[in-house]
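What follows is a single structure, written as structure tokens, with notes after it.
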Amino acid sequence: MKSETRQKLVSTLKEAKNGLTTTEIAKIVELSRSVTSLYLNELLTNGEVIKKGRKPIYWKLANFNQDKNEENVFQNFIGSDGSVKEAINKCKSAVLYPPLGLPLLIHGDSGVGKSYLAELIFDYLKAKEAKGTEKFLVFNCADYANNPELISSILFGHTKGAFTGADTDKKGLLVQADQGVLFLDEVHRLSNENQEKLFQFMDTGRFRPMGEEAKTVTSNVRLLFATTESPEKVLLPTFYRRISVTIHLPAFHQRPLLERIGLVKYLFLNEARRIQKDLKIGRTLFFKMTEERLSGNVGSLRNEVRMLCADRLRKDSEEEVIEIGDSQENDWIYLSRSDTLTDENKAEEERLKRTFFNLFDKNGWLIELKENIYQFYQDYLTTLFSNDNDFLFYHIKNSIQSKNKKILDNERLTEDAIDCLYNIIKLSESNELKAKLIQTKQRLQREYPRTVLLASHLTKDINQEIKESAEVILGILLIGTISEDIRYHALLVAHGNTTASSIQAVANRICKDYIFDAINMPLTSSIHDIVLQVKIWLSERDTSQGVIMLVDMGSLTQLYKSLKPQILGELLVINNLTTSYALDIGQQLLNGKLFYDIAESAEKNFKTEVQYFEGFEVDKNIIISSISGKDVAKKIQSICKKYIDPDIKIIVLESKT
């Protein structure tokens, strides 16, 4: 490579704070993309540049000091771009306010990361080369809460003879932290007197050590506080008013699922590095830990992780890979001690989020949205996230495919959709995404109601925090795979743990479509119990076209009387449930047979008890039928209407004689 070409590449990258793609660099240096790529890889081999991301790749100078910028400082705090993003932005604004920032209080339960965040704030100030960052001192006010005078001495210092045992002058923390940061944890444990002395210092920048009556001491200190209590209840109002900014850190169980997964993984990876062993964690155990509600939050979870690792290390100290979890479990998450603890693709992810959200802003057919989402996934996401050893991927996959097995027995139908769904949720499970999906769901329900119903079933066991998003995204991705031309809803009801669902899976698989739903009832269930479950099923569907039920036992009349008021259209109940009957009904539904024809065929061909109800009410009705034809019956109907109470329905039926 010519020296002038190398210099041109280096100069180009030096001006690019966030890095550049190969194509962008090629345009700037006016070389072809292939030649530029060749030169960049040569610089990479020499250690002069680094590359980040996967698709596209971003190039940066190796000696360009990006590691200390604000994004990298706070990205170590899991949730910095999620549940605590707003809190961290407030921290940034507060501590950068001239001349030495604003007093900041971090509030949250024990173990949520208050001290860790305080340390990151100090690192952030150092990265910004701000004033007052020469040192970082920490004091827990709970350590000597029962001795206010000792705390006063520690904070403000004392003069010789100030109290018994004060043989020399002593500088307090406020003096020691001059031109630095002082972090007071559990600040609510300060006595009222010490709070008063502290807010006077916050007002003036001056204070008197214990025993000093004349002189005051000046110190330039940045103050950070933390408390586990409600500050407005435990701090003096006069002191609390001096604290300009208060932020709240959520408890572990209040964090979004993706963050809880990240925290558990982070804790295990830390231990893997500590003990210099790779880990295999059972997914059942991993899932359990993401659902924990511990009083000590992440702190207690860290202790639990360490004890699990310590226990297994004691038993398997010679093994290179330590297994943690049920030894009989088939599914494991593998964590290597060399894995990185932070994600280097945050900038790229933010760019892709905006691109993805824009897909929902285009007005067009939903089938086009599906195609655009799949194209977006193929272009950007297939290499951005790896589903290897990813708990979220296996949770989504196992939840959907286990339901698929029961409903359709066609796991290939949802394979590609699962990969795409996982990547989208991994990219952005946010309120902004949910808002866009809510609007899309309304269109989906109008245009593809059966697809939405199937997506709802398939995502039923997915964690509730992501279920709503997963249901809509999966519904979009399944457009065109499920027939929306089937007019009538069909339900299989049987006693037994799997009887109805087993026939459902076989029938749907052979018919190659989502036709039947199933309700499995305990053997002890009564007709009343069945009616209750069917009513719940009916409430989620538009029954105006009609409903067909195949049941294994029960009174047809009682079922009809109990269910008909809730059904807007016609109802056909067949009191015999077999695979062959379900397949026969399924094929007729696929072929677009009308309700009456299906009922007539069932009554003629099924060797079972069939009762057909043509949509009239349980209440008193007048039925008119004439052997002379339906037209004569209709004429009689029009005459009768003039003389009969209008509340009584007059129904015309075709004569079968």
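The values are calculated or read from the model by the stated rules, or taken from the named source; none is laboratory data. Since we're looking at a predicted model, the values are computed, not measured. For neighbour counting, all protein chains shown are included, and Cβ atoms are generated from backbone atoms with ideal geometry for every residue, glycine included. Areas reflect the complete protein model, heavy atoms only, side chains present, ligands, DNA and RNA absent. Shrake-Rupley method; radii C 1.70, N 1.55, O 1.52, S 1.80 Å.
For every helix of n ≥ 4 consecutive DSSP H residues, a contribution of -39,500 (n - 2.57) applies; sum these over the chain, divide by its total residues, and give [θ] at 222 nm rounded to the nearest 500 deg cm²/dmol. Mind showing how you got there, number by number?
Values: 27 runs with 310 residues, N = 657.
Value at 222 nm, helices only, nearest 500: -14500 deg cm²/dmol.
With a cut-off of 8 Å between alpha carbons and a minimum separation of six or more residues, what is the relative contact order of the stretch 314-432 in percent?
Relative contact order of the stretch 314-432: 28 percent.
Once both labels are positioned 7 Å from their Cα atoms along Cα-to-Cβ, the gap between GLU232 and THR579 label points is 6.5 nm.
Each label point was placed 7 Å from the Cα along the Cα-to-Cβ direction; for LYS85 and TYR97 their separation is 2.4 nm. About its Cα centre, the dipole of the stretch 168-228 is roughly 140 debye, where the only charges are +1 on Lys and Arg Cβ and -1 on Asp and Glu Cβ. Amide hydrogen proximity for LYS649: with H placed 1.01 Å from N in the peptide plane, the residues at 5 or more positions away or on another chain lying under 5 Å are ILE622. Compared with the direct C-alpha span, the chain from GLU368 to LYS315 gains 13.5 nm at full extension, assuming 0.36 nm per residue. Against the chain, whose longest principal axis comes from its Cα atoms, helix 297-315 is set at around 90 degrees. The mean sequence separation of alpha-carbon pairs under 8 Å and at least six residues apart, normalised by the residue count of the stretch 127-189, gives a relative contact order of 48 percent.
Separation of the stretch 170-212 from the stretch 372-390 is 53 Å, based on Cα centroids. In this calculation the C-beta distance from LYS135 to ASN358 is compared with R0 = 56 Å, giving a FRET efficiency of 0.75.
Give the percent of DSSP beta bridges with both residues in the chain that are antiparallel, rounded to the nearest 5. List each step's numbers first, then the result.
On the way: 16 of 59 bridges.
Expressed as a percentage, antiparallel bridges in the chain total about 25.
Quote to one decimal, in nm, the extra length available between LYS535 and SER601 on full extension: 0.36 nm per residue of separation minus the C-alpha distance between them.
Numbers: separation 66, 0.36 × 66 = 23.76 nm, distance 2.63 nm.
The LYS535-SER601 span can extend by a further 21.1 nm.
For the chain, build the charge dipole from Cβ charges (+1 Lys, Arg; -1 Asp, Glu) around the Cα centre, then report which of MET202, GLY569, PRO148 sits farthest towards its positive end. Going by the charge dipole, the pick is MET202. By the rule of a C-alpha distance below 25 Å, with chain neighbours fewer than 8 residues away ignored, the lysines paired with LYS403 are LYS288, LYS370, LYS426, LYS434, LYS441, LYS460, LYS467, LYS512, LYS535.
Under 5 Å between amide hydrogens, built in the peptide plane, is the criterion, and for GLU323 it picks out LYS280 among residues at least 5 positions away or on other chains. Across the stretch 89-133, the mean sequence separation of Cα contacts (distance under 8 Å, 6 or more residues apart), normalised by length, yields a relative contact order of 36 percent. Note on surface exposure: GLU196, GLU603, GLU318 rank GLU318, GLU603, GLU196 by accessible area, highest first, 1.4 Å probe.
Here's how it looks for SER655: its modeled amide H is under 5 Å from those of SER626, which are all 5 or more places away or on a different chain.
Once you charge only the Cβ atoms, +1 for Lys and Arg and -1 for Asp and Glu, what is the size of the charge dipole of the chain about its Cα centre, to the nearest 20 debye? List each step's numbers first, then the result.
Numbers: 87 positive and 90 negative charges, 227 e Å.
The dipole of the chain has a size of about 1100 debye.
Helix 257-275 and the longest principal axis of the Cα set of the chain meet at an angle near 50°.
Heavy-atom accessible area for ARG255, with the other protein chains in place and a 1.4 Å probe, reaches approximately 10 Å².
For ASP339 and THR216, calculate 0.36 nm times their separation in residues minus their Cα-Cα distance, and state this gained length in nm to one decimal.
39.0 nm
Against the set (i) 13, 37, 36, 12, 2, 0; (ii) 14, 33, 29, 17, 6, 1, 0; (iii) 15, 37, 33, 14, 2, the structure's computed P(r) over Cα pairs in 20 Å bins from 0, in percent falls on (ii). Residue ranking by accessible heavy-atom surface, 1.4 Å probe, largest first, among MET210, MET549 comes out as MET210, MET549.
Annotation: VAL531 carries an accessible surface of approximately 10 Å², with a 1.4 Å probe and no ligand, DNA or RNA atoms counted.
Ranked by accessible surface with a 1.4 Å probe, highest first, in what order do ASP388, ASP185 come? Provide the component values of the computation, followed by the final result.
Numbers: ASP388 105, ASP185 20 Å².
Ranking ASP388, ASP185 by accessible area, largest first, yields ASP388, ASP185.
Within the full protein context, the accessible area of PHE393 is estimated at about 20 Å² for a probe radius of 1.4 Å. Only aspartates and glutamates eight or more places from LYS277 in sequence, or on another chain, were considered; those with a Cα closer than 14 Å are ASP311, ASP316, GLU318, GLU319, GLU320, GLU323, ASP339. Placing a pseudo-label 7 Å from each Cα along the Cα-to-Cβ vector at GLU465 and ARG306 gives an inter-label distance of 2.4 nm. Relative to the longest principal axis of the Cα atoms of the chain, the long axis of helix 412-427 lies at roughly 30 degrees. 3J(HN,Hα) along the stretch 461-471, derived from phi through the Karplus expression 6.51 cos²θ - 1.76 cosθ + 1.60 where θ = phi - 60°, amounts to 9, 6, 3, 4, 5, 10, 4, 4, 5, 4, 4 Hz, with x in place of Gly and Pro.
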